[in-house]
Amino acid sequence: MTDFKKLALPGVQQLQPYQPGKPIEELERELGLTNSIKLASNENPLGASQLVQDSLADVLPELARYPDGSAYLLKNRLSEYLGVSTESLTIGNGSNDVLELMARVYLSPDNESIVSQHSFVVYPLVTRAIGAKLTVISAMNYAQDLDATLAAISSKTRIVFIANPNNPTGTWVREKALVNFLDQVSEDVLVVLDEAYFEYVEESDYPDGITLLKKYPNLVVTRTFSKAYGLAALRVGYAVSHPDIADLMNRVRQPFNVNSMSLAAAYTALDDQEHVQKSVALNRQGMRFLESACDEMGLGYIPSVGNFLTIDFERDAAPVYDALLHEGVIVRSIGVYEMPNHLRVTIGLPEENERFVQTLKRVLS
């Protein structure tokens, strides 16, 4: 019988499927539970704004028609909001989509990408799928070591991925460090700055990658509507880059890669910044609550500027994860990120945060 796996590209043979956070429905079906909570996938606990939800009704009569493949309205709205040209924008089915487009355009078996240890799993995935070499730089205190990253760049390096802030650690790169790095990177090396959690960061020296684009044409900034805007189910993300880079990404982009409801929701979401600010304020409050609870329990954690906190149990965290599941509390196991002693917990609604803490205390007692 034909071994179809051996016929696949070598890079694809080495991949493991991406494992999302466990769905509530699956957990309750498996364990016979009810009233479970999910704090595993860094979703906005407030969900999409009412303004966005109301806007989707306008799209329903047109479901038989293909979406606008050029994303004309959303691009123009983003252009106004961000102060960039529409020619600099690439719209994707989530920011994962535009990250893959970057890999498809610029990576090959003859070159490489550079990522940090503990960085978002999609960067290695898209690199290896194409058969390109992956160079992983050891993290420094769970954060990306930009000096070591710079030293690793070679003639084969085509893309450097930087998550700011990083998932799953919540660590971040300060503006001075990022600018110093960009000043030293050759223009033929593309730096992809993943700002999926941009809206949550309130630190004064956190860089806004889009303001750096004019000075650094090799910089590509990716963002998403999945987090602070609460549109994870609709999958809308985008990249902002030099127009030539955007043109190439749009050449390999699938036609109609973003559906009509997603385009309409993202367009409307940009006009509801009040909802984003409510989401950020709720996140700030929840982060302080979880940090205080960890301090009280004597648990270490990685200081985070995202919408999640990664807790260090100083031992294999798998039994803790499993015990929480059996109590109907879903968090994220991150052994795949070489962090078997940690669990990542999304900031939820106040009552969800409280339930997590009380359940964790019971599990650890």
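Observations on the model:
- When residues of region 281-335 are limited to those that are touching a strand residue (DSSP E or B) at 6+ places or on another chain (Cβ under 8 Å) and among the charged types (D, E, K, R), the one surrounded by the fewest Cβ atoms within 10 Å (Cβ to Cβ): 314
- Taking the criterion of being surrounded by 13 or more Cβ atoms within 10 Å (Cβ to Cβ) and of a type in the set (Asp, Glu), the residues of region 56-108 that qualify are 68, 87, 97, 100.
- Looking only at region 62-85, and only at residues there that are more than 23 Å from the chain's Cα centre (by Cα) and in a helix (DSSP H, G or I), the one that is farthest from residue 250 (Cα to Cα): 62
- If you check 171, 157, 224 for being in contact with a strand residue (DSSP E or B) (Cβ under 9 Å, 6 or more places away or on another chain), buried (at least 23 other Cβ atoms within 10 Å of the Cβ) and over 18 Å from residue 79 (Cα atoms), only one passes: 171.
- Condition met for residue 101 (in contact (Cβ under 8 Å) with a residue 60 or more places away in the chain, touching a Gly at 6+ places or on another chain (Cβ under 7 Å) and assigned by TED's automatic domain parsing to the domain that holds residue 247): yes
- When 108, 113 are checked against the criterion of being assigned to a loop (DSSP other than H, G, I, E, B), in contact (Cβ under 8 Å) with a residue 24 or more places away in the chain and closer than 17 Å to residue 12 by Cβ, 108 stands alone in meeting it.
- Cβ pairs under 7 Å, 6+ apart, first in region 137-163 and in contact (Cβ under 8 Å) with a residue 24 or more places away in the chain, second loosely packed, with under 15 Cβ neighbours inside 10 Å: 145/138; 150/184
- Total residues in region 155-200, condition more than 29 Å from residue 110 (Cβ to Cβ), part of a helix (DSSP H, G or I) and of a type outside the set (Lys, Arg): 7
- Region 135-154, residues that are crowded, with 17+ Cβ neighbours inside 10 Å, at negative phi and either modelled with pLDDT under 95 or touching a Ser or Thr at 6+ places or on another chain (Cβ under 6 Å) (or both): 137, 139, 143, 144
- Filter result for residue 106 (of a type outside the set (Lys, Arg), touching a strand residue (DSSP E or B) at 6+ places or on another chain (Cβ under 9 Å) and over 30 Å from residue 269 (Cα atoms)): yes
- Residue check for residue 3: surrounded by 10 or more Cβ atoms within 10 Å (Cβ to Cβ), acidic (Asp, Glu) and farther than 30 Å from residue 329 by Cα: no
- In region 276-300, the residues that are at pLDDT 95 or above reach residues that are surrounded by fewer than 12 Cβ atoms within 10 Å (Cβ to Cβ) with C-beta atoms within less than 8 angstrom, at least six apart or across chains, in these pairs: 280/202; 284/202; 300/314.
- Condition check for residue 2: of a type in the set (Ser, Thr, Tyr), in the same structural domain as residue 306 (by TED's automatic domain parsing) and part of a loop (DSSP other than H, G, I, E, B): no
- Residue check for residue 234: touching a Leu at 6+ places or on another chain (Cβ under 7 Å) and either assigned to a helix (DSSP H, G or I) or crowded, with 19+ Cβ neighbours inside 10 Å (or both): no
The values are calculated or read from the model by the stated rules, or taken from the named source; none is laboratory data. Note that the structure is predicted; figures quoted are calculated from it, not measured. For neighbour counting, all protein chains shown are included, and Cβ atoms are generated from backbone atoms with ideal geometry for every residue, glycine included.
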